[in-house]
DNA sequence: GCCCCCCTAGACCGTACGGTCTAGCGTTGA
DNA sequence: TCAACGCTAGACCGTACGGTCTAGGGGGGC
């Protein structure tokens, strides 16, 4: 037994993420940058430095199954984030602004190539399971805001404005390569949402 | 000379639109439904019942040049519409709501397959001319709202919110297959924009 | 020490994509 | 009547895509 066996046991991969997770992470990042149809399987394999066999082993359904997993991942991520923020009794406007700021970091870090949420993925085939997954994610996020805003009819309206200003603002900011546009629209929306 | 020569002169095409216009219209419609990468040249040819030669004669630059033309078309269309509405001294919120209602008709007519504005087209390659064209369109629309709102710093914020709520609302509504979400978010945004 | 099985590895396949090229039709002007 | 040209027509090409399949590598259980 050498020191290597202790410090870097071979059974544990070098990367802390498993193969499946790495595939999901790379796929999500690419889909957010170029949309579903804009990404080739080979792009994902190149990004992860993995062979085709691995991908089709973990995702027998191929590209679409991987995309659905990626959507599910980001959906859970954001949903959990919203849940924990709202659990602190934070006001909805403040949570929205926080989320927007995180999106800004995301945009800047990727030099405005990535779309932080699901905006680009929407360019998916009509009645597919992928569309359904995206739809579910949006519903969950909407429901979080709605519940935090009191569950009234007015709360539903405000929740819609919150998500719309976020997704729309991201789109504007990405195109203009200026996070300003996102901050401006979301700040205004947050203002409106916070008033009784 | 027969009656046919008078009633249906051969020189005039059956369709009121020229070949180039038909290509642009079909391309725009398809791109709005499936995004740039989701549409094949053959889809456009099938929709117009035109051969490849015609497309590459009118658009030597191929798919991207056609897409840029389509973006320019919708950009001009919306820009002109905004200009004429604002020329009547209509309030910005009212104009925004009108535009949203037209988008709703668009969504319904296409059974929620199309994205009325440019949201989906954004899934384009990074630094291409197409991205630039989309960016220009958004800038022009933003400027229209900004000018109508007085050109102040606050006006810029409100213009951002207007476009963001519109684009974001469209995205929400399309996924949920319910125009409600668009109307709700835009109504709330319009309310905020109209107050001094 | 052996086998078994999970996962990696990548050659391979059919297809459909974007784009090119030449032929020919029909209208226009002389 | 004919020449010239704008546009249509579609066969054709190289490539890159999504997906399949078989072989092999390497730990873990016995």
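Things worth noting here:
- Residue A:106 meets the conditions (1) free of Cβ contacts under 8 Å to residues at least 24 places away in the same chain; (2) surrounded by 14 or more Cβ atoms within 10 Å (Cβ to Cβ); (3) within 13 Å of DNA strand D (Cβ to nearest atom) in every case but one. The failed one is (3).
- Residue check for residue B:121: more than 8 Å from chain A (Cβ to nearest Cβ) and assigned to a helix (DSSP H, G or I): yes
- Taken over the range A:33-44, the residue count meeting the criterion of being more than 12 Å from DNA strand C (Cβ to nearest atom) and at the interface with chain B (Cβ under 10 Å from one of its Cβ atoms) is 5.
- Criterion: crowded, with 19+ Cβ neighbours inside 10 Å and either more than 16 Å from DNA strand D (Cβ to nearest atom) or within 23 Å of residue B:191 (Cα to Cα) (or both) - qualifying residue of B:118, B:66: B:118
- Exactly one residue out of B:74, B:68 is within 16 Å of DNA strand C (Cβ to nearest atom), under 15 Å from the mean Cα position of the chain (by Cα) and more than 14 Å from chain A (Cβ to nearest Cβ): that is B:68.
- Condition broken by residue A:104, with the remaining ones in (1) in a helix (DSSP H, G or I); (2) within 16 Å of DNA strand C (Cβ to nearest atom) satisfied: (2)
- Contacts under 8 angstrom Cβ, first residue in the range B:50-71 being closer than 13 Å to residue B:20 by Cβ and in contact (Cβ under 8 Å) with a residue 40 or more places away in the chain, partner assigned to a loop (DSSP other than H, G, I, E, B) and within 13 Å of DNA strand D (Cβ to nearest atom), 6 or more apart: B:66/B:59; B:69/B:59
- When the residues of the range B:43-57 are filtered to those that are under 20 Å from residue B:130 (Cα atoms) and more than 6 Å from DNA strand D (Cβ to nearest atom), the one that is surrounded by the fewest Cβ atoms within 10 Å (Cβ to Cβ) is B:56.
Readers should treat all values here as calculations from the given coordinates under stated rules, not as data from a laboratory. This is a predicted model, so every value here is computed, not measured. Heads up, the Cβs are rebuilt from the backbone with ideal geometry, glycines too, and the neighbour counts pull from every protein chain shown.
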